[in-house]
1. Mind checking the range A:168-220 for GluC sites (Glu not before Pro) that DSSP puts in a loop (not H, G, I, E or B) and that have at most 12 other Cβ atoms within 10 Å?
2. With the crude spin-label approximation of a point 7 Å out along Cα→Cβ, what separation in nm comes out for A:Arg95 versus A:Leu33?
3. Apply the Debye scattering formula to chain B, with a single equal point scatterer on each alpha-carbon and no solvent, then give log10 I(q)/I(0) at q = 0.12, 0.16, 0.20 Å⁻¹.
4. Which of the trypsin sites (Lys or Arg not before Pro) found in the range A:178-244 are loop residues per DSSP with 14 or fewer other Cβ atoms within 10 Å of their Cβ?
5. For A:Lys136, go through the lysines and keep the ones whose alpha-carbon is under 22 Å away, minus same-chain ones fewer than eight residues off.
6. Going 7 Å from the Cα of B:Thr87 toward and past its Cβ, which residues in the range B:36-74 have a backbone nitrogen under 17 Å from where you end up?
7. Which loop trypsin sites (Lys or Arg not before Pro) in the range B:1-106, with loop taken from DSSP, have no more than 12 other Cβ atoms within 10 angstrom of their Cβ?
Amino acid sequence: MPAYTSETVDTSGRRQAMVTVLFLAAALVMFYLPASTQQQVSAALRGTVLMPFVTVQKAVLTFRSRAGDSDWLRKQLDSLVAVTVAEGGLAEENRRLRQMLELSRKLGPTFVSATLVRAGTTGSESTFLVDVGSAKEIHSNAPIITSQGLLGVVRDVRIDHAVGMDWTHPDFRASAMTADGATYGVVESRSGLFREEDRLVLDGTAFHTRVEDGTVVLTSGLGGVFPRGIPIGLVVGQAEAEGGWRRSYWLRPLVEPGVATHVLVAMGNAADGTMDLSPVWPADAVMTEEQLAAWDQARRDSLDALGDSLLVMKGMVGGLEPGDGLGRRESSGVRSVPARPAALESGVSDLIRR
Amino acid sequence: MRWPLRVWVTVGLLVFFHFLLHLGLGFGNIAPDLLTISLLLAAREVGMGTAAGIGFVFGLLIDAFNLLAFGTNTVAMTAVGGAAARTRDLFVGDSFFFVVSYLFLGKWVKDLLRWILAGEGVREPFFQALLVQSSLNAAYVAIVGVLVVTITGAWRGSLR
């Protein structure tokens, strides 16, 4: 009696089921592979199939930076006084780049500048690529910093790029201390209900010490991963106190991972913990992103006000005609100060440009 | 354009645009999960094994940037690919409701598997991760997916 289904259909169905099982097994093998092998697989994919897309993102970032620079130059040439609202983002990026240059000058050749690229794919949260690798003496566990402080650490290094994790990663840990060196602990990430609520915690501090709100927390240099003195965050309250022997504190992070596009990565043995970077960030230079933005806005406002005052002065000085007091003194043979000194002219023009 | 070619061109374009939007232009979660849509479309055209294979490759590509839990996307997409191909034997799938449900559930189940595999330390709480974020993402995928198949006609049979 012939079978209900043909043998071909049966065989094909069985073969498809077997192939499915094989792929599922392969996927599970991938899942349970040792971390080093997994990183090799990911690096191979990033360096081949996905390389064009990573390159596109780098190009987009470069294009944005150059657009910012050219816009700034154009503004100088045109001597524009007011910065329009739409240019705020570019001015912000310019400010960050200037700060990075300043920080790079202070740190010397132990850190190399890099552009940060975020994958934006599922599961890549808290991680990013930097466009420097072992060719520039970058090692695994090298600290990654911005002008505000510690952003994260390098996890995996390839020749021309490296993969890093920021402080929101669940595995992030940094040995830390308060700025006065009185309290030591470990800073770690605590996930919030949503990603936006991720916070840092200074854990494991001695119960008998009390850390006030607003205290700056820095890397302690213990553990040999991070150099001493990199700002991490500001204390914003006690998180918990356990059994009379331990306290932990919430920290307000100084670096917002979402806005970091240009960073500095430690080279060679800069990450061995023997270096002290405390002088790089004096106490008055440690600010959160919001404080920095407010400070920058206040500075701009002051400059604008000064520019306006000088413009008014310029108008008043320019309004002094030869018929008034100055002119009469000159006509009477007394040598007077020039009505509009060159230094004042150049100062006014310079302020207008800024 | 001939039928199978139209589907595969659509699948190829979706994969390309997924990585262009997410990785190249850095839109992140603002851009829809076009890779899952392409997997679900391709799975309706091929056998279970082939669909699982496509899911395996797609999952590996996403996991290339997944340091938190490498392999979770690979397993999830392989399983979803295989299961999605199986739905062709169970459902005719020519209704609008089916397409929306198919895309919504495909994405949600993928996220569920990923959440289960990710482990305690990495994943967010069930309510936020799956009931809120994944449900919204799945709805987003369903809407975009329906638009894609409507525009490209890359769905076997006309939608009713």
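Just so it is clear, none of the values below were taken in a lab; they were calculated from the coordinates. These figures come from a predicted structure and were not determined experimentally. Glycine also receives a Cβ, built like all others from the backbone with ideal geometry; neighbour counts cover every protein chain displayed.
1. For GluC sites (Glu not before Pro) across the range A:168-220 that sit outside H, G, I, E and B with at most 12 neighbouring Cβ atoms in 10 Å, the list reads A:Glu212.
2. 4.4
3. So the normalised log intensities are -0.48, -0.87, -1.40.
4. Filter output for the range A:178-244: A:Arg210.
5. Within the straight-line limit of under 22 Å, A:Lys136 reaches these lysines: A:Lys58, A:Lys106.
6. Taking a point 7 Å out along Cα→Cβ of B:Thr87, the residues of the range B:36-74 whose backbone N falls under 17 Å are B:36-56.
7. Answer by residue number: B:Arg2.
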